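Only one structure is covered here, and it is reproduced in the block below.
The values are calculated or read from the model by the stated rules, or taken from the named source; none is laboratory data. Keep in mind the model is a prediction, meaning the values are calculated, not measured. A quick note on method: Cβ atoms are made from the backbone with ideal geometry, for glycine too, and the neighbour counts reach across all protein chains shown.
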Amino acid sequence: MRQEIDILSKYIPDAAVEKIWNLLQQQKKLTLKISKRRTSKLGDYRKLNWGRHQITVNQDLNPYQFLLTLLHELAHYYTYKKYGRHIKPHGVEWKGIFGELITEFNQPEIFPSEIIPLLNLYAQNPKASTSGDGKLFVELSKYDKHNNEQLKYVFELNPGTIFKMENGQIFELKEKRRTRYSCLNIQNHKKYLIHQNAKVLPVEKINRL
């Protein structure tokens, strides 16, 4: 038990460790798995075989984003237990449960003072992704371990912006498609869908091929 608590303390604020541990301990068929970085999602919830359930959260998130993502996925688990699977994934049932979890943990000993009022607003009508609330997502990102102020999230950019990805590919932002954006690759002139949470480097000038 001590080992599991020590692991949790590496990823979430100290003041939240005991509360989260107690919640997880109450759910004997639920497993929390800490995942490698995924650009497509911060975490997920799955119903496994034999009545078991699994939550995964990306290991590279800062403590506040990790905790909020964990609560997001816990809300999916609680919603499934209470209502079954015949409801919308991010419908009113999930919103209500997630909002209650946020309110329970949105305390000054857990979250920084500048995040608390943003979370209060967010809890009233949670989005499917924290990036749906731009102010909250940007404020949370300030606590990233390797925060580079030159990098921007795709959802922060205006249509027509030229940007470079981590792999060196250069794109022009076109239009939003739900949680992804249609972007034109400047090198091969093909269109791709890029997730709104991807961090990119805006480029002021580029020689088009």
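Some points to look at:
- Identity of the residue in segment 94-146, of a type in the set (Lys, Arg) and over 21 Å from TYR83 (Cα atoms), that ends up farthest from the chain's Cα centre (by Cα): LYS145
- A single member of ILE87, ILE115 is within 26 Å of GLN196 (Cα to Cα), of a type outside the set (Ser, Thr, Tyr), in the same structural domain as GLY43 (by TED's automatic domain parsing) and touching a Phe, Trp or Tyr at 6+ places or on another chain (Cβ under 7 Å), and it is ILE115.
- Residues (under 15 Å from PRO63 (Cβ atoms) and either outside the structural domain of THR69 (by TED's automatic domain parsing) or outside any helix (DSSP H, G or I) (or both)) located in segment 6-27: LYS10, TYR11, ILE12, PRO13
- Any hit, segment 23-34, residues being in contact (Cβ under 8 Å) with a residue 60 or more places away in the chain and either over 24 Å from ILE115 (Cβ atoms) or touching a Phe, Trp or Tyr at 6+ places or on another chain (Cβ under 9 Å) (or both): no
- Residues that are modelled with pLDDT under 85 and either out of contact with any strand residue (DSSP E or B) (no Cβ under 7 Å at 6 or more places or on another chain) or of a type in the set (D, E, K, R) (or both), drawn from segment 122-137: SER129, THR130, GLY132, ASP133, GLY134
- None of LEU119, LEU71, LEU42 is touching a helix residue (DSSP H, G or I) at 6+ places or on another chain (Cβ under 8 Å), at pLDDT below 95 and crowded, with 21+ Cβ neighbours inside 10 Å except LEU42.
- Restricting attention to segment 132-158 and to residues that are in contact with a Leu (Cβ under 9 Å, 6 or more places away or on another chain) and over 30 Å from LYS95 (Cα atoms), the residue that is surrounded by the most Cβ atoms within 10 Å (Cβ to Cβ) turns out to be LEU151.
- Flag for HIS146 being closer than 26 Å to LEU70 by Cβ, at pLDDT below 90, out of contact with any strand residue (DSSP E or B) (no Cβ under 8 Å at 6 or more places or on another chain) and outside the structural domain of ARG37 (by TED's automatic domain parsing): yes
- Residues in segment 164-178 that are out of contact with any Cys (no Cβ under 8 Å at 6 or more places or on another chain) and either under 26 Å from ASN62 (Cβ atoms) or exposed (fewer than 11 other Cβ atoms within 10 Å of the Cβ) (or both): LYS164, MET165, GLU166, ASN167, GLY168, GLU175, LYS176, ARG178.
Conditions (1) more than 21 Å from ASN22 (Cα to Cα); (2) in contact with a helix residue (DSSP H, G or I) (Cβ under 8 Å, 6 or more places away or on another chain); (3) in contact (Cβ under 8 Å) with a residue 40 or more places away in the chain, marked per residue:
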| position | (1), (2), (3) |
| --- | --- |
| PRO63 | no, no, yes |
| GLU93 | yes, yes, no |
| ILE110 | no, yes, yes |
| LYS135 | yes, yes, no |
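- Selection status of LYS36, of a type in the set (D, E, K, R) and exposed (fewer than 13 other Cβ atoms within 10 Å of the Cβ): yes
- Candidate set from segment 190-209 (those that are at pLDDT below 90 and not in a loop (DSSP other than H, G, I, E, B)); member that is farthest from LEU140 (Cα to Cα): HIS195
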